[in-house]
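J.: First, the structure itself, so that you have it in front of you.
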Amino acid sequence: MSDPSNPEEERIPLAEERLVTSKRTVEKGCVRIRTVVDESTRWIEESVASEDVIVERIAIDREVEAVPPVREEGDTTIIPVMDEVLVIERRLILKEEVRVRKERHVEHVREPVSLKAMHAVVERDKPKR
C-alpha cells in the first residue's frame with residue numbers, strides 16, 4: 001500500500017501463521033493380567049532318624065543299706081525299684097532295676113514333594129475401531 005502523502009514510501013502488510021494443538025484420549029486396546037499356578041512333583045531324598053526305647057526289667061532281690069541313685073551305664077539309664085519288707089528290723093531290698101536303653105535307626109527315604117510356582121500371563125486385546 002502506498003501512503004498518499006508520501007509517494008515514494010510503500011507499505012507491505014505482514015502475515016503470520018500460528019499453530020494451535022490439542023490432545024484427546026484414544027483407546028488403543030486393553031491389557032488383562034492373570035496369574036497361573038503351575039504344580040510340579042519333585043523327588044527328595046533325605047535321611048530320617050528314629051529312636052526306639054527298650055525297657056528291660058532285671059530281678060535283683062538283694063538287701064541294700066540305702067536307696068541307690070538313678071544312674072547311667074553307657075547308653076542305658078538304670079532306675080532302681082525298691083520294696084520295703086517288714087522284719088524285726090526294717091531292711092531295704094533292691095527288688096529290681098529297670099534299664100532303659102535307646103537305639104537309633106537311620107533310613108533313607110524317597111518321597112514325592114509337590115512344588116508350586118506362580119507366573120503372570122499378560123493378554124492384550126485388539127483396539128476397537
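J.: Would you mind finding the one in Glu10, Glu17, Glu39, Glu72 that is at negative phi, among the charged types (D, E, K, R) and in contact with a Leu (Cβ under 9 Å, 6 or more places away or on another chain)?
T.: Values: Glu10 fails: in contact with a Leu (Cβ under 9 Å, 6 or more places away or on another chain); Glu17 fails: in contact with a Leu (Cβ under 9 Å, 6 or more places away or on another chain); Glu72 fails: in contact with a Leu (Cβ under 9 Å, 6 or more places away or on another chain).
Of Glu10, Glu17, Glu39, Glu72, the one residue that is at negative phi, among the charged types (D, E, K, R) and in contact with a Leu (Cβ under 9 Å, 6 or more places away or on another chain) is Glu39.
J.: I need every pair where a residue in the stretch 49-68 that is under 25 Å from Arg91 (Cα atoms) has its Cβ under 8 Å from the Cβ of a residue that is open to solvent by 70 Å² or more (accessible area, probe 1.4 Å) and of a type in the set (D, E, K, R), sequence separation at least 6 or different chains.
T.: That search, which allows pairs on different chains as well, returns Ala59/Lys95; Ile60/Lys95; Asp61/Lys95; Glu63/Arg91.
J.: Among the residues of the stretch 32-41, are any within 30 Å of Lys126 (Cα to Cα), touching a Lys or Arg at 6+ places or on another chain (Cβ under 9 Å), touching a residue at least 60 places away in the same chain (Cβ under 8 Å) and not in a strand (DSSP E or B)?
T.: Going through the stretch 32-41, the residues within 30 Å of Lys126 (Cα to Cα) turn out to be 32-38.
Next cut, touching a Lys or Arg at 6+ places or on another chain (Cβ under 9 Å) only: 32, 37-38.
If we keep only those that are touching a residue at least 60 places away in the same chain (Cβ under 8 Å) too, we end up with 32, 37-38.
Next, from what is left, pick out any that are not in a strand (DSSP E or B): none.
Looking for residues that are within 30 Å of Lys126 (Cα to Cα), touching a Lys or Arg at 6+ places or on another chain (Cβ under 9 Å), touching a residue at least 60 places away in the same chain (Cβ under 8 Å) and not in a strand (DSSP E or B), one finds none in the stretch 32-41, hence no.
J.: Can you give me the number of residues within the stretch 81-118 that are open to solvent by 80 Å² or more (accessible area, probe 1.4 Å) and in contact (Cβ under 8 Å) with a residue 60 or more places away in the chain?
T.: Within the stretch 81-118, residues that are open to solvent by 80 Å² or more (accessible area, probe 1.4 Å) and in contact (Cβ under 8 Å) with a residue 60 or more places away in the chain number 6.
J.: Kindly indicate whether Thr25 is in contact with a His (Cβ under 8 Å, 6 or more places away or on another chain), among the hydroxyl-bearing types (Ser, Thr, Tyr) and open to solvent by 70 Å² or more (accessible area, probe 1.4 Å). Please lay out each step first, then the result.
T.: Numbers: in contact with a His (Cβ under 8 Å, 6 or more places away or on another chain): no; among the hydroxyl-bearing types (Ser, Thr, Tyr): yes; open to solvent by 70 Å² or more (accessible area, probe 1.4 Å): yes.
So Thr25 fails the test.
J.: Which number in (1) out of contact with any strand residue (DSSP E or B) (no Cβ under 7 Å at 6 or more places or on another chain); (2) assigned to a loop (DSSP other than H, G, I, E, B) marks the one condition that Glu72 misses?
T.: Among (1) out of contact with any strand residue (DSSP E or B) (no Cβ under 7 Å at 6 or more places or on another chain); (2) assigned to a loop (DSSP other than H, G, I, E, B), Glu72 violates only (2).
The values are calculated or read from the model by the stated rules, or taken from the named source; none is laboratory data. Computed from a predicted structure; not experimentally measured. A quick note on method: Cβ atoms are made from the backbone with ideal geometry, for glycine too, and the neighbour counts reach across all protein chains shown. Surface accessibility is based on the protein's heavy atoms, side chains included, excluding ligands, DNA and RNA. Shrake-Rupley method; radii C 1.70, N 1.55, O 1.52, S 1.80 Å.
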